[in-house]
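Take a look at the structure below.
Values in this text are rule-based calculations from the coordinates and carry no lab data. For clarity, every value in this text was computed on a predicted model and none was experimentally measured. Here Cβ is always computed from backbone atoms with ideal geometry, including for glycine, and neighbour counts include all displayed protein chains.
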Amino acid sequence: MPYFKTNTEWYEQSLLLLKARPTTTRITSKYSVLKPTPSKVLKRQKYASKHAAKSASSTGSPAPQSQNPDEPTATFILKTYDPVSGTCLQYETTKGAEVGRLIGSLGRLGRHMAALPEVAEDLSAPADIAGISTPTVEKDVKTGAPVAEQKAGGGGGKKKKKGKK
Amino acid sequence: MAGDHLSNDDFFAQLTNLFEHNRNKSHGTVYLTQKRLTYAEVEIPSPTKIVDDPLWDLHPEKPLPVLIRASNNKSSKRSGTDRPGTDRDNVEKIKLSTVVQPDKLDAFYARYAEACKSGMSGLKKRDRKKGKKDKKKKKAIPGETKG
């Protein structure tokens with residue numbers, strides 16, 4: 001299940017999935033704060049000591065503020081999942097600055113879920129262009145296939161849904 | 001699934017509590033889910049109609065509500081071990097859900113973004129070296145305040 005590099009890429013692929021399967025696709029966002037494991041703490045300490053030694057031996061550049069080894073790590077993971085086709089698209093970030101933008105994407109995807117008409121997206125246009133410029137061909141192929149498959153297998157999915165009701 | 005959805009206002013109040021709880025504990029997880037609400041809201045077309053139009057759900061006649069869920073992670077105390085990482089407390093599972101009507105969607109997400117931004121305080125702060133960038137042009141709704 002792919003983790004996307006950029007949130008625009010995640011958004012675009014999620015949009016495609018949502019368009020193909022609007023009733024079954026769900027988006028789960030997970031915000032988790034975890035205490036680091038002992039091995040992680042050790043790793044951070046090692047890194048910090050190595051880093052300090054290196055910067056001291058080379059130029060006298062200001063040492064970057066080292067993080068507290070016991071500091072908990074917080075992550076924000078977005079996951080678009082369609083249980084019928086099994087497609088799962090994920091994006092992970094640790095930056096607080098991205099939250100607003102990501103919730104904005106959730107809102108726009110929510111409009112599709114609600115089957116509302118699309119709004120003009122002039123605000124996000126510059127960001128989108130920056131994100132589009134570097135899509136890998138491999139990703140496109142990988143995610144293109146499931147979408148096509150979903151459309152073909154639509155009848156099967158509907159049948160299953162009927163039984164559920 | 002429990003059928004008692006909260007109103008949007010109650011949902012935000014509880015969501016804020018959920019994030020606050022997470023912050024006080026300084027570890028833990030908050031799950032947020034959104035999906036189209038189809039249960040008992042839309043009538044499934046008859047089988048013959050589905051055969052005629054297998055992609056019927058791509059174009060419903062009227063907009064549908066969206067279901068939003070939020071929950072924390074349940075954790076149970078493990079007894080008998082004192083290894084690091086097992087010193088956790090019992091935490092009850094908290095589950096919230098609300099239904100957002102299509103016409104309220106934009107307003108809801110504006111508040112939702114504010115709630116999440118203030119709630120997810122554990123994430124990394126902006127790197128000062130990069131300077132100011134185009135961060136907060138998306139959801140700048142000053143009128144919306146949450147408790």
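For the reader, a short list of remarks on this structure follows.
- Each residue in B:Thr16, A:Thr93, A:Thr87 was given a count of other beta-carbon atoms within 10 angstrom of its own, and listing them fewest first yields B:Thr16, A:Thr93, A:Thr87.
- In the structure shown, the pairs A:Lys95/B:Lys35; B:Lys35/B:Lys93; A:Lys30/A:Lys50; A:Lys43/B:Lys77; A:Lys79/B:Lys25; A:Lys19/B:Lys117 are assessed against 30 Å; a Cα-Cα span above that value is assigned to A:Lys30/A:Lys50.
- FRET efficiency for A:Thr94 and B:Asn90, using Cβ-Cβ distance with R0 set to 41 Å, rounded to 0.05: 0.90
- Sites A:Lys40 and A:Thr6, calculated FRET efficiency, Cβ-Cβ separation with R0 25 Å, nearest 0.05: 0.45
- Among the residues of A:40-52, the average count of other protein chain beta-carbon atoms within 10 Å of the residue beta-carbon is 0.
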